[in-house]
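Working notes, structure below.
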Amino acid sequence: MPWLSWIFATATVATFGVGGPAGAAAATYEITIAQMQFGTVPGLHVGDVITWRNNDIFHHTATARDKSFDVDLPPKSERSMTVKQPGTVDFYCRFHPGMTGTLGVQP
Ligand SMILES: [Cu+2]
């Protein structure tokens, strides 16, 4: 009865699919800096990747107030980083302290 063993194999694969690791798969998000402002910050989870993109002709940074990250962003550049810890982190630009934003990271 070959069709019976096919059903069994399919059911086994489905069981493995349900039993995967907890939490959502890591995602990649872009936060764009334009006209001296940080763009929209997405909801984040540990393991996600942020690509910071500086579209200005000015040098910026994305610097965490708690010093957990400090991303240097020359004009027209982008840098990626992985989100490593949960919590709320305020960030700013070292050259333009009026530029601020907040990351909210779920476990
Ligand atoms: Cu700046």
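Only the coordinates and a few stated rules stand behind these numbers; no lab work does. This is a predicted model, so every value here is computed, not measured.
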### Message
With θ taken as phi - 60° and the coefficients 6.51, -1.76 and 1.60, list the Karplus ³J(HN,Hα) couplings across region 55-66 in order, rounded to whole Hz; mark glycine and proline as x.
### Response
8, 7, 8, 9, 7, 10, 9, 10, 10, 6, 4, 8
### Message
Apply the a/c threshold of 1.5 to the C-alpha gyration tensor of region 50-92 and tell me whether it is rounded, prolate or oblate.
### Response
prolate
### Whole-Hz ³J(HN,Hα) from phi, Karplus 6.51 cos²θ - 1.76 cosθ + 1.60, for region 45-51, glycine and proline x
10, 4, x, 5, 10, 9, 9
### Message
Explain nothing, just compute: Karplus ³J(HN,Hα) = 6.51 cos²θ - 1.76 cosθ + 1.60, θ = phi - 60°, for every residue of region 100-107 in order, whole Hz, x for Gly and Pro.
### Response
9, x, 9, 9, x, 10, 7, x
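Does region 26-68 come out rounded, prolate or oblate by the C-alpha gyration tensor, with a ≥ b ≥ c the root eigenvalues, rounded set by a/c under 1.5 and, if not, prolate when a/b is larger than b/c and oblate if not?
On the way: a/c = 2.39, a/b = 1.50, b/c = 1.59.
It is oblate, given that a/c is not under 1.5 and a/b is not larger than b/c.
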